[in-house]
Amino acid sequence: MSPLVANPAGWVLRMAEETDAPGILRILNDVILRTTAIYTDRTETLEERLVWMRKRWEWGYPVLVADCIQGGGILGFAAFSDFRNGWDGFRHTVEHSVHIRDDARGRGIGQTLVATLMEQARGMGKHVMVASIDAGNLPSIRMHEKLGFSRVALMPQVGCKFGRWLDMVMLQAVLSDAPPG
């Protein structure tokens, strides 16, 4: 599959394929076990992640991966889905997720993934992209703000993990000025 973005640092950004699911799953489960980026303690199975990928493809939504050119595997992934379970009034809004492998953070991979997702959503006629981020994840908040996301809400103590309450920051980026259609 041809890359959407080729980075001189040795990785490409491309649409995910089913064969990428194990690499995506490794990143996801590491994030679940070691961080507060995802408010769950339960890791996923390969079959659950494949269902997740297929559902997005069924909806016509992208799943992107950053893939190391020289055999290092998947460095990160990103996708979006309907906001608020796809209620009709929210049909022009999507919420995204982006996760980067621990040893690949801070190299611009997440920013490239999210910027590309924003372009994909814009091309699909989406109006707003939402990001829900743990308030303690300052690097992710700063990255989103660099991409034009604005903080729109702080939701204190809505999550719980590792024996403590967690606050969530919601950010949004307006992707288009077009009137609703």
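The values are calculated or read from the model by the stated rules, or taken from the named source; none is laboratory data. Quantities reported herein were computed from a predicted structural model and do not represent experimental measurements. Just the protein is used for accessible areas: all its heavy atoms, side chains included, with ligands, DNA and RNA removed. Shrake-Rupley method; radii C 1.70, N 1.55, O 1.52, S 1.80 Å.
Accessible area, 1.4 Å probe, largest first: how do Trp165, Trp59 sort? Intermediate values should be presented prior to the final figure.
Working: Trp165 160, Trp59 105 Å².
Most to least solvent-accessible, the answer reads Trp165, Trp59.
Please arrange Tyr61, Tyr39 by accessible surface area, largest first, computed with a 1.4 Å probe and ligands excluded.
Working: Tyr61 20, Tyr39 75 Å².
Ranked from most to least accessible, the order is Tyr39, Tyr61.
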### Query
Based on DSSP, what percent of beta bridges with both residues in the chain are antiparallel, to the nearest 5?
90
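Before rounding to the nearest 500, sum -39500 (n - 2.57) across all DSSP H runs of length at least 4 in the chain and divide by the residue total; then give [θ] at 222 nm in deg cm²/dmol. All intermediate terms of the calculation are to be shown ahead of the outcome.
Details: 4 runs with 51 residues, N = 181.
Value at 222 nm, helices only, nearest 500: -9000 deg cm²/dmol.
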### Fraction of accessible area attributable to carbon and sulfur, the chain (%, probe 1.4 Å)
53
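For region 55-181, what percent of Cα pairs sit more than 25 Å apart? Walk me through the numbers on the way to the answer.
Numbers: 2227 of 8001 pairs.
Roughly 28 percent, once rounded to a whole number.
May I have the convex hull volume per residue, in Å³, for the Cα set of region 1-120? Intermediate values should be presented prior to the final figure.
On the way: hull volume 13.4 nm³, N = 120.
Convex hull volume per residue, Cα atoms: 112 Å³.
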